[in-house]
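Visitor: Here you go, one structure.
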Amino acid sequence: MSKRLQVLLDPDEWEELREIARRHRTTVSEWVRRTLREAREREPRGDL
């Protein structure tokens, strides 16, 4: 099942993310999903 994540950003942060996503030729949503996935993959596995 999919879950929705709401993140509050100030207007300057939003514009910066829009520009980054545009440079990657994707949407902000897809860029955020990809970036979170990559960050999760860098995390060590197992118990903390």
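None of the figures in this text is laboratory data; all of them are computed from the coordinates on show. Because the structure is predicted, anything quoted here is derived from the model rather than measured. Please note: Cβ atoms are built from the backbone with ideal geometry, for glycine as well, and neighbour counts cover all protein chains shown.
Visitor: How large is the convex hull of the C-alpha atoms of the chain per residue, in Å³?
Guide: 121 Å³
Visitor: For the residue pair Arg18 and Leu36, what label-to-label distance in nm results when each label sits 7 Å from Cα along the Cα-to-beta-carbon direction?
Guide: 2.1 nm
Visitor: While we're on this one: Using only the alpha-carbon atoms, how far is helix 28-42 inclined from the longest principal axis of the chain? Give it as 0 to 90 degrees, nearest 10.
Guide: Helix 28-42 sits at roughly 30 degrees to that axis.
Visitor: In degrees, nearest 10, range 0 to 90: what is the angle between the Cα axis of helix 11-23 and the longest Cα principal axis of the chain?
Guide: Relative to the chain, helix 11-23 is tipped by roughly 80 degrees.
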